[in-house]
Amino acid sequence: MNFPGSGIIKGMAVTALNIVGSYFDRAHAKRLITEQYPEERPKLAEASRSFPFLVFDGDDPEKGIRCVACKICEKECPPQCIYIVKDTDANGKPIMRPKVFDIDISVCMGCQICVESCPFESIRMDNIYEVSGYDRFAPLVLHKPQLLKSNAYYHGIRPTEAAATDARIEAARLRKEAAAKAAAAKVAAAKAAAAAKAAGEKAAETKPTQPE
Amino acid sequence: MSPLLPQTVLDRLHAALPQARVELVNNPSPSGQHALLVHREDAVQVAEFLKNDPELLLDYASDVSGVDYPEYLEAVYHLFSIAKKHGPIVLKTRTGDRGADASVPSLTRVWKSADFQEREAFDLFGIRFEGHPDLRRLLMWEEFEDFPLRKDYVAPNDCEYEPTPHGDIVQKAAAASASPVPQA
Amino acid sequence: MSASSSNFFSGTADAGALEVSLGPHHPSTHGVFRMNVRMEGETVVKLQPVFGYLHRNHEKIAEKNSWLAAMPYTDRLDYICSGTNNWAYAVAVEKLAGIEVPERAEYLRVIVGEMTRLQNHTAFLGFILGDMGAWGSALMYAFREREKILDLFEELTGARMMLNYARFGGVRCDTPAGWLDKARAYLATYPAFLDEMEQFLTGNEILLSRLQGVGVLSAQRAINGGLSGPVLRASGVDYDIRKVDGYSIYPRLKFRVPRGEVGDCFDRFMLRLLEARESLKILQQALDQIPEGPVVNPAVKQRGFKPPAGEAYGRIEGPKGELGFHLVSNGTEKPYRYHVRPPSLINLTLLEEMCLGTKIADVMVILGSIDIVLGEVDR
Ligand code: SF4
Ligand code: SF4
């Protein structure tokens, strides 16, 4: 089949096959139908990332917040879109909690470097892509209350990663506990030793006076 | 492919062009890419030699970039040989200073590939490449006056900042990057 | 647009010459690019590309940020091929600091890099048809397949286009469970798609007459003009950095380097098809051989990374050509000099030479055959 125009005809055949083929999902042998977005949503891959959010433990966002306002992520963020102010206690002393935590998502490029650099497992990537607002600026700055999301939510969107995070936190806690226990044991042992020594000394002291 | 050492190139250069002022610049990095620093007046001659010498045949000037140092500007050429499949040989030329005498000869006539890249270095660093066929700004617009990639470049403060609560982020970012560290 | 109001070129236009500004808004999806063209009749007698519409001084941004913070910005150079951009930057930094990369990471880089090449070349087939005015089917088919590779990228890295995947001395994360099998299964269907594309396009008489003999470039000119990648090889030059430098694990993998004979647009077109097939071969081998192990060198501190003072030039064979980074460190947390060698820009060096004497309609095709992305041209 090699006459002038045969290439075009071959190409047309491919187009025709594709028109027919567009009604069927060849790999799964079923009809291809339009997805009814937004009622029906495709399942996102676990790794999908959009913008960061802050994880909190338990039910109370303020109490459970993991972030300690160390500002490492603020420093590392390439386009500098994180803004943190440390909280203070009643006496004006800074405490390990953010008072302000803003992320300007009109600037954020979803690079995940904040997540990688946070040593306290407190900032993670979300996978919400439909973000919009009525204004170009203010609605696109997310404040702390909007950023805080529960650990359960985190488990919902990325189960594997969240489980690994929890395991790490748990391991760290156990290590800390074990260390505390070891320290306590050490103190106790030292105390016991001191007591024993004192007792021994006492015994030694009293020994000579003991009647034979 | 056997690696081509800058020292070999230098020896051949000295043998062929004894009067050319070329020296070896040591590169302390683990990359070991030592450079040949050629005096700007001899640059075109040396470049012709490097390109045509049957042993070297550095026919491919892959990369041209400018570097800003406190005393002078530098044009850096990364040369490869497609015929011999060796490289890179790093060729450097320096301007006299960063102001009136900021010029080096253009090597575009030797390697056409330097054309746009020299224009870019001219645009962003203000290195004037003497003898370039068409030395105009490449990326910035014609009327632009400063050289953005120089270390002492001050960005004009005429952009409209977003009215977000991030006023001090802008300031902080500016403060953090205001003073570049000059190379030791 | 008339000869009398000529102000594109210095000097007066000849009588009868017409000057046209093509762009800066050209719907050929390559980006915001302008060409000032002087024509006599329909024949191009002078052409001047105008750059900078997408300029954001990527290099300055990188020099103001930490070494690691430049990584996500490299995604945005050639936004179709962010996987290879990351890789090239990582290679340059590794040269600069003398960092070893673990085996598995090298394999993952090759897998992501070759998939990037595959989807770039696939998209190219669609784009160049668009440049010829066949806007639609070819691009749709190409993007349909590219989408599936992007799905794989999303599962691996979290993003479809801005992968931000390489790290100094490795890659950011390991594969999720089952990813390698999925990739293998999907790539097994790819040759059929390439066959389909070939049947669809390469015999088409209209396509042949638009591509053959257009924009011919000799090997010698291509080398002198610094062209690289498929455009260089289409002119018959046997130069593939994967073979020449033998970086990463490429010396271990069997593949051929296709070459063109004429150096016209058709050769450039066919070369992408052939290279896509070679990429598939590489992918198959890499997916079969990939060992277990760590994916990043644990000795490297990504945050607060400080390479020793010195400079280095590192390059890889990107889908568009030689993508290199020239880095100068003064031992601090920020690059002293950070320079990108953008293949897209340098491949345009000889655009005028290729276009002179052709018809204006062919300028689009020649531009398309070079395959540029303006994010990288203008940086
Ligand atoms: S994802 Fe990247 S850009 Fe966004 S806040 Fe985190 S570090 Fe900044
Ligand atoms: S999110 Fe993490 S890195 Fe950022 S301030 Fe809070 S604890 Fe520090």
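At R0 = 51 Å, how high is the FRET efficiency between A:Ala195 and A:Ile128 if r is their beta carbon distance? Nearest 0.05 is fine.
Values: r = 61 Å, r/R0 = 1.20.
Calculated transfer efficiency: 0.25.
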Neighbour-count order for C:Phe305, A:Phe56, C:Phe269, fewest beta carbons within 10 angstrom listed first: C:Phe305, A:Phe56, C:Phe269
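Only helical DSSP H runs with n ≥ 4 go in: add -39500 (n - 2.57) per run for the protein assembly as shown, normalise by residue count and round the 222 nm mean residue ellipticity to 500 deg cm²/dmol. List each step's numbers first, then the result.
Details: 27 runs with 308 residues, N = 775.
Helices in the protein assembly as shown give a 222 nm mean residue ellipticity of -12000 deg cm²/dmol.
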Cα→Cβ-extended label distance, 7 Å offset, between C:Leu356 and B:Ala100, nm: 3.8 nm
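Taking a quarter of the surface of the convex hull around the Cα atoms of segment C:227-278, what do you get in nm²? Could you put the intermediate results ahead of the total?
On the way: hull surface 13.6 nm².
If I average the Cα hull's projected area over directions, I get 3.4 nm².
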Whole-angstrom gap from segment A:1-77 to segment C:337-379, using each part's C-alpha centre: 31 Å
Principal-axis tilt of helix C:179-188 within chain C, Cα atoms, nearest 10 degrees: 40 degrees
Rounded to 10°, Cα long-axis angle of helix A:6-21 versus longest principal axis of chain A: 60 degrees
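Order these by the 10 Å Cβ neighbour count, fewest first: B:Val104, A:Val187, A:Val85. Let's see the in-between values first.
Values: B:Val104 27, A:Val187 10, A:Val85 15.
Placing the least packed residue first, the sequence is A:Val187, A:Val85, B:Val104.
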Rounded to 10°, Cα long-axis angle of helix A:159-209 versus longest principal axis of chain A: 10 degrees
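List, in the order given, every pair from A:Lys10/C:Lys243; B:Lys151/C:Lys243; B:Lys112/C:Lys320 whose Cα-Cα distance in the structure shown is over 31 Å. If you can, show how the numbers build up before the last one.
Values: A:Lys10/C:Lys243 37 Å; B:Lys151/C:Lys243 38 Å; B:Lys112/C:Lys320 19 Å.
Exceeds cut-off: A:Lys10/C:Lys243; B:Lys151/C:Lys243.
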Overall form of segment C:249-322 per C-alpha gyration tensor (a/c, 1.5; a/b vs b/c): oblate
Efficiency of FRET between C:Phe143 and A:Ala152 - r from beta-carbon atoms, R0 35 angstrom, step 0.05: 0.40
Residue exposure sequence - C:Glu322, C:Glu19, B:Glu130, A:Glu74 - by fewest surrounding Cβ within 10 Å: B:Glu130, C:Glu19, A:Glu74, C:Glu322
Among the listed pairs C:Lys95/C:Lys281; A:Lys75/C:Lys334; A:Lys43/C:Lys148; A:Lys86/A:Lys176; B:Lys51/B:Lys92, those beyond 19 Å (Cα-Cα): C:Lys95/C:Lys281; A:Lys86/A:Lys176
For chain C: rounded, prolate or oblate by the Cα gyration tensor [a/c cutoff 1.5]: oblate
C-alpha center-to-center spacing [segment A:112-155, segment B:1-22] in angstrom: 58 Å
Prolate/oblate/rounded label for segment C:228-379 (Cα gyration tensor, a/c 1.5): oblate
Kirkwood Rh (inverse of mean 1/r, distinct Cα pairs), chain A, angstrom: 23.3 Å
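Just so you know, all these numbers are worked out from the coordinates, no wet-lab data involved. Just so it is clear, the model here is predicted, and its values are computed rather than measured. A quick note on method: Cβ atoms are made from the backbone with ideal geometry, for glycine too, and the neighbour counts reach across all protein chains shown.
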